[in-house]
Amino acid sequence: MVSIVIPAHDEERVLARLLDALGGGEVPGVEIVVVANGCTDRTADVARRYPVVLVETPVPSKIRALALGDARASSFPRLYVDGDVVLGIADVRALCGALGGEVHAAGPTRFVPMTGASLPVRWYYDVWQRLDGTRAELYGRGVLAVDRAGHERVSPWREAMSDDLMIAMSFAPAERRVVPGATVVIMPPRTYRNLLRRRVRAMTGNRQLAHDGGAHLRRPAPPGPALRRLAAAEPRLIPRIALFLATAAIAKARGVVAARRPGQTWLRDDSRS
């Protein structure tokens, strides 16, 4: 038996895509809990079409949605899956199979389809996906699988915008695994403007995490050394690396401003919904 918790905030356009990939809630031994949090659309109505557990809350908070989903989920292993990604049942089984022994957390490999994305977006992701942390760490995948011991590591849930970074950094390298036999489809933004919105949100969340009690967490390795090695090994990527660094600098500066305006920090990107 495996429980899958899906926090969904205004995911009317994409939730069915994920639920269909997960077998529509009809796969024996797979329990799906959808937590519609702070929705202003028909997310809950979409969930009602399927034999899943639906929890509704007026509070738009992913962390609180995870906690509510946890309270309704009944078994381990347990998966936490963002409502806007695509993950199949075979991928769920591969992730669950990777847990055990000293491995308490697992994530899938990423497939990021670039069809329709602008050139700057393609250049950015071409660099980002080559970084050591991007390939080896569990953040930025939209999916996390944990066993009971791994669940104890991340709960009780603490409010944080960079929730996936907070969770991923709770595990030492020997305790986590990226599973080659599992793949999640993550839709990138179409435009550079929407890419910046995502990066500002990430930068804002990382800054808040560092100031609000995240100092004890393992921090990801800075990208500088990896970028220098990449530039030396593949000089053709230097213009793309320059774009990557410029994007990071802009997002960091805007993140400082956004952090002072709590009502404007979530910067949702629906361009690939």
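Read-outs throughout are calculated quantities, based only on the coordinates presented, and are distinct from any laboratory measurement. This structure is a prediction, so every number in the text was calculated from the model and none was measured. Counting neighbours? That spans all protein chains shown, and the Cβs are built from the backbone with ideal geometry, glycine included.
Relative to the longest principal axis of the Cα atoms of the chain, helix 119-128 runs at roughly 80 degrees. Each of D132, D82 was scored by other Cβ atoms within 10 Å of its Cβ. Listed from fewest to most, they are D132, D82.
Taking Cα atoms only, the orientation of helix 192-211 departs from the longest principal axis of the chain by about 80 degrees.
May I ask for the longest run of the chain untouched by GluC sites (Glu not before Pro) that are loop-located per DSSP and have at most 15 neighbouring C-beta atoms (other than their own) within 10 Å? Please report the intermediate quantities before stating the final value.
Working: sites that count: E26, E102, E159.
With a cap of 15 other Cβ atoms within 10 Å, the longest stretch comes to 160-273.
Each of A232 and E56 was given a label point 7 Å from its Cα along the Cα-to-Cβ line. The distance between the two points is 5.9 nm. This model, with +1 at the C-beta of Lys and Arg and -1 at the C-beta of Asp and Glu, gives region 1-59 a dipole about its Cα centre of some 60 debye.
Between rounded, prolate and oblate, where does region 57-127 land on the alpha carbon gyration tensor, with a ≥ b ≥ c its root eigenvalues, rounded for a/c under 1.5, else prolate if a/b exceeds b/c? Spell out each step's value before the answer.
Values: a/c = 2.60, a/b = 1.40, b/c = 1.86.
Note, shape of region 57-127 comes out oblate.
Placing unit charges on the Cβ atoms only, positive for Lys and Arg and negative for Asp and Glu, gives the chain a dipole magnitude near 1180 debye about its Cα centre.
Rg/Rh for region 1-75 to two decimals, with Rh computed the Kirkwood way over all alpha-carbon pairs. Walk me through the intermediate numbers first.
Numbers: Rg = 11.2 Å, Rh = 12.0 Å.
Radius of gyration over Kirkwood radius for region 1-75 works out to 0.94.
Spread over its residues, the convex hull of the C-alpha atoms of the chain is 125 Å³ per residue. Applied to region 65-76, the Karplus parametrisation 6.51 cos²θ - 1.76 cosθ + 1.60 on θ = phi - 60° returns per-residue 3J(HN,Hα) values of 5, 4, 5, 5, x, 4, 5, 9, 5, 10, 8, 10 Hz, with x for Gly and Pro.
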